[in-house]
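The values are calculated or read from the model by the stated rules, or taken from the named source; none is laboratory data. Values in this document were obtained by computation on a predicted structure and should not be read as measured data. Glycine also receives a Cβ, built like all others from the backbone with ideal geometry; neighbour counts cover every protein chain displayed. We work out accessible area using only protein heavy atoms, side chains counted, and drop any ligands, DNA or RNA first. Shrake-Rupley method; radii C 1.70, N 1.55, O 1.52, S 1.80 Å.
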Amino acid sequence: MSTQNKNPKAQTWLITGASSGLGYSLAEYVLKQGDRVVLGARSLSPMADLAACYPDTALAITLDVTKPEQRVAAVQQADARFGGVDVLVNNAGIDFLGAIEEQDERDYRALFEVNFFGAVALLRLVLPGMRMRKHGTIINVSSMDGIASLPVQGYYSSSKFALEGLTESLWQEIEPIGLRAFLVEPGSFRTGIEQAYQVLGRDDR
């Protein structure tokens, strides 16, 4: 059953990587403004308290953006609960540091699956509904490393360069029909993500 907000101008946001950092902060802000939010991340527990504070407008779901069945389920749950996705924020991302010739292929392929292919798959899932409703916004979270690459950030930067190129094409395709696509290119700021450094480095899926 669809849960409607009393505010007729309220929108429904689907935010990936919403368990911490930028994704969590954005979800909290949007909910405070009266909009509806589907918070997606691999782990539900970090989002549970926030969702509980907004039982009518927040929905926390398990979403690993590399898993097709979870991507489809996320969009289906947003449709069923809130009537569709008005704003998609592709925020999930991972990072690791190291010289280009030193990295394993499986690792940099895994990075692209999250930072690029997962984002592409999700926006392709929500766009048909946005086209039908004739409104909608795609927000792809890139990085300052998507503008200029640095040593030991080659693969991360490459994934963000790819996301930037796709988004620049996308906005030109969908703007004539009333839809919007944006890039967010944050610099360095405190998110607590440094606590998640492991073999691959930062992981905020």
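What to note about this one:
- So residue 113, is it at pLDDT 95 or above, of a type in the set (Asp, Glu) and on the phi < 0 side of the Ramachandran plot: yes
- Candidates 52, 99, filtered to the one that is among the aliphatic types (A, V, I, L, M) and either within 17 Å of residue 163 (Cβ to Cβ) or open to solvent by 40 Å² or more (accessible area, probe 1.4 Å) (or both): 52
- For the range 124-136, a residue qualifies if it is open to solvent by less than 10 Å² (accessible area, probe 1.4 Å), without any contact (Cβ under 8 Å) to a residue 60 or more places away in the chain and in a helix (DSSP H, G or I), and exactly one does: 130.
- Output for the range 45-100, where each listed residue is within 16 Å of the chain's Cα centre (by Cα) and among the charged types (D, E, K, R): 64, 67, 71, 86, 95
- Subset of the range 143-155 (residues that are buried (at least 23 other Cβ atoms within 10 Å of the Cβ) and polar (S, T, N, Q)): 143
- Among the criteria (1) at pLDDT below 95; (2) β-branched (Val, Ile, Thr); (3) in contact with a Pro (Cβ under 9 Å, 6 or more places away or on another chain), the one residue 141 does not fulfil is (1).
- Index of the failed condition, residue 158 passing every other in (1) open to solvent by less than 10 Å² (accessible area, probe 1.4 Å); (2) more than 20 Å from residue 26 (Cα to Cα): (1)
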